[in-house]
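The values are calculated or read from the model by the stated rules, or taken from the named source; none is laboratory data. Everything quoted here is computed from the prediction, not taken from an experiment. Reconstructed Cβ throughout: ideal geometry from the backbone, glycine too, with neighbour counts over all protein chains shown. The protein model used for the area step is the full one, side chains on, heavy atoms only, and it has no ligands, DNA or RNA in it. Shrake-Rupley method; radii C 1.70, N 1.55, O 1.52, S 1.80 Å.
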Amino acid sequence: MTTDPMARLALAAHRHAEAAQARTAARDDLVVEIVAALRAVREDHALTVQTETDIARLTGWEVAELRRLAQEADLVGMDPA
């Protein structure tokens, strides 16, 4: 490992940028899967509340936020996964 502070800073900055890109990609994947799951639930209204609750528990997001994501996906014509 180098002791050059600028080289270490450059490496840390590079790793940070890669991690930020990976986090963004992971969030995008999660949103796609949430929307796909919510759309599948629409077909079985008896399961909607429980399934939305399950999705919220898995993601750590509020049900209202999940519904907003689904509405936005519908508005922009996001295709199912």
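A few points about this structure:
- Candidates GLY60, GLY77 - the one that is on the phi > 0 side of the Ramachandran plot, surrounded by fewer than 13 Cβ atoms within 10 Å (Cβ to Cβ) and under 16 Å from the mean Cα position of the chain (by Cα): GLY60
- Look at the stretch 1-17: where a residue is part of a helix (DSSP H, G or I), no partner that is open to solvent by 100 Å² or more (accessible area, probe 1.4 Å) and of a type in the set (Lys, Arg) sits 6+ places away or on another chain with Cβ atoms under 9 Å.
- Screening VAL41 against (1) closer than 22 Å to GLY77 by Cα; (2) open to solvent by 60 Å² or more (accessible area, probe 1.4 Å) leaves a single unmet condition, (2).
- On inspection, LEU30 qualifies as assigned to a helix (DSSP H, G or I), in contact with a Ser or Thr (Cβ under 7 Å, 6 or more places away or on another chain) and open to solvent by 60 Å² or more (accessible area, probe 1.4 Å).
- On inspection, ALA46 qualifies as surrounded by fewer than 10 Cβ atoms within 10 Å (Cβ to Cβ) and either without any contact (Cβ under 8 Å) to a residue 24 or more places away in the chain or of a type in the set (Val, Ile, Thr) (or both).
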